[in-house]
Amino acid sequence: MKGFLIFPTLCLISVVTQAEYIDDYSKNLYELIKKEIALNCEDSKGYRCASKVREDIYKNKPRRGTKEYAEKNYKMLNPSSADKKIRELFAISEEADAGLKIDKPGEIVYRQIKYEAAWIQKNIYKRRFYGWAFTLSTGERLYPKI
């Protein structure tokens, strides 16, 4: 009977203690989209209008954790500056929620950060992506707590 009580308690603790990371870029992007939808879309235009507004904004300001964002922000890095960026992304990943659902405006989750780190590893270091680890140009690996 004790085993049945321990597992749900551990699950509840892990859900309650999970952190979140609010990114200024993502929060500003959310606010811009919200503002543009309010200005350009009347109730009668509905979902299609909102979708078009988002699509137009994402062309110039891509979302975090996408190929477009990574290319725009990381393609000019050299291995030394890429190491600094990987360490920065690793620190953010330690704060980010491990889940898939984004609950708050500006929140970014672990998979978005991991995608950006993997993009750097593949395109800057010309190295294969190694599972959970954030790998630096020297081969050193940083392992997240997730």
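Taking the conditions (1) open to solvent by less than 90 Å² (accessible area, probe 1.4 Å); (2) outside any helix (DSSP H, G or I) in turn, GLU88 satisfies each one other than (2). Residue count for region 52-80 satisfying the condition of being of a type outside the set (Lys, Arg), out of contact with any Lys or Arg (no Cβ under 7 Å at 6 or more places or on another chain) and open to solvent by less than 40 Å² (accessible area, probe 1.4 Å): 4. The residue that is farthest from GLU71 (Cα to Cα), among those in region 34-58 that are touching a helix residue (DSSP H, G or I) at 6+ places or on another chain (Cβ under 7 Å) and assigned to a helix (DSSP H, G or I), is ASN40. Remark: pairs (first residue in region 41-52, without any contact (Cβ under 8 Å) to a residue 60 or more places away in the chain; second residue aliphatic (A, V, I, L, M); Cβ separation under 8 Å; 6+ apart in sequence or on different chains) = CYS41/ALA50; CYS41/VAL53; CYS49/ILE37; ALA50/ILE37. Only residues that are open to solvent by 20 Å² or more (accessible area, probe 1.4 Å) and closer than 29 Å to LYS34 by Cβ were counted in region 115-135, giving 2.
Of the listed requirements (1) of a type outside the set (Phe, Trp, Tyr); (2) closer than 24 Å to LEU32 by Cβ; (3) buried (at least 18 other Cβ atoms within 10 Å of the Cβ), PRO105 misses just one: (3).
The sole residue among SER44, SER14, SER51, SER81 that is of a type in the set (S, T, N, Q), more than 20 Å from ALA98 (Cα to Cα) and modelled with pLDDT under 85 is SER44.
The values are calculated or read from the model by the stated rules, or taken from the named source; none is laboratory data. Note that the structure is predicted; figures quoted are calculated from it, not measured. FYI the Cβ positions are ideal-geometry reconstructions off the backbone, even for glycines, and counts take in every protein chain you see. Heavy atoms of the whole protein, side chains included, go into the accessibility calculation; ligands, DNA and RNA do not. Shrake-Rupley method; radii C 1.70, N 1.55, O 1.52, S 1.80 Å.
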